[in-house]
Amino acid sequence: MPQATVHLLRHGEVHNPDGVLYGRLPEFHLSRLGQEMAQLLAEYFRERAAAGARITYLAASPLVRAQETAAPTADALHLPVHTDSRIIEAQNYFEGMKVSKAELRRPRHWPHLVNPLRPSWGEPYKEQAARMMAAIQDARLQAISLAAGDFGADGPEAIMVSHQLPIWATRLSAEGRRLWHDPRKRECTLTSVTSLVFDDGGNLADVRYSEPAAALLPGAASTPGA
């Protein structure tokens with residue numbers, strides 16, 4: 001099979017005036033800035049395609065912020081958006097809360113804070129990485145299948161619009177690093193692109209990272225989804 005690349009795209013900024021940890025809650029739409037980010041990413045991928053990249057498959061988490069981020073790219077590349085529940089945000093006990101040091105001191109939360117290595121407050125990092133990688137491998141095969149008969153110079157590519165923590169857990173796993181980490185040190189900004197490059201045998205050959213919308217990041221909200 002030919003070499004293929006799967007791009008993990010984090011969604012754009014979310015309208016979240018209360019600053020809650022929105023997790024998997026419904027109806028958290030992109031902000032106006034988030035919509036601008038999504039448009040910029042669409043232009044980025046359109047230019048890649050115009051330069052010869054064979055982007056043949058596009059998928060997104062079922063959450064509305066991911067779907068809204070994917071929509072401009074779908075229009076730019078004339079691709080349908082496939083919804084994949086395996087690349088959804090991580091489950092989190094604190095979902096819907098405004099997490100602060102004062103809130104975390106409440107005794108009712110303590111049972112969920114006993115093991116940060118797992119982590120005990122949400123979906124285990126290993127499970128996140130496993131479900132993501134299963135979806136990534138399927139996307140890789142889909143991209144190859146859809147590119148059959150196209151003998152362009154570049155290998156086929158897929159785009160998957162997901163969320164910060166699952167993307168970061170996947171990257172840590174792919175690079176053989178420990179999965180527990182400081183959330184403040186994740187290299188996965190809004191609308192960043194984490195690219196997994198696979199060789200002809202389907203083995204991971206490289207991990208690349210870029211921030212096509214870096215110019216829009218100053219002043220963007222930093223409240224994580226999980």
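Just so it is clear, none of the values below were taken in a lab; they were calculated from the coordinates. Remember, it's a predicted structure, so these values are computed and weren't measured experimentally. In this analysis, Cβ positions are derived from the backbone assuming ideal geometry, glycine residues included, and neighbour counts consider all displayed protein chains.
Worth pointing out:
- Mean-position separation - Cα centroids, region 140-210 and region 113-128, in angstrom: 22
- Spin-label zone in region 120-137 - amide nitrogen under 17 Å from a point set 7 Å from the Cα of HIS82 along the C-beta vector: 131-137
- Bins of 10 Å, starting at 0 and running to the largest distance - Cα pair percent for the chain: 8, 34, 36, 17, 5, 1, 0
- Candidates CYS188, SER85, HIS109 compared by Cα position along the dipole of the chain: farthest toward the positive end lies HIS109, with charges placed on Cβ.
- Projecting the alpha carbon convex hull of region 1-75 along each direction and taking the average yields 5.8 nm².
- DSSP bridge orientation in the chain - percent antiparallel, rounded to nearest 5: 50
- Full-extension gain in nm, LEU217 to HIS112, via 0.36 nm per residue minus C-alpha separation: 34.6 nm
- For the chain, built as a Gaussian network whose Cα springs stay under 10 Å, the top-fluctuating residue of ARG177, ARG106, ARG208: ARG106
- P(r) weight above 21 Å for region 96-201, C-alpha pairs, percent: 49
- Computed [θ] at 222 nm, deg cm²/dmol, the chain (DSSP H ≥ 4; -39,500 (n - 2.57); rounded to nearest 500): -10000 deg cm²/dmol
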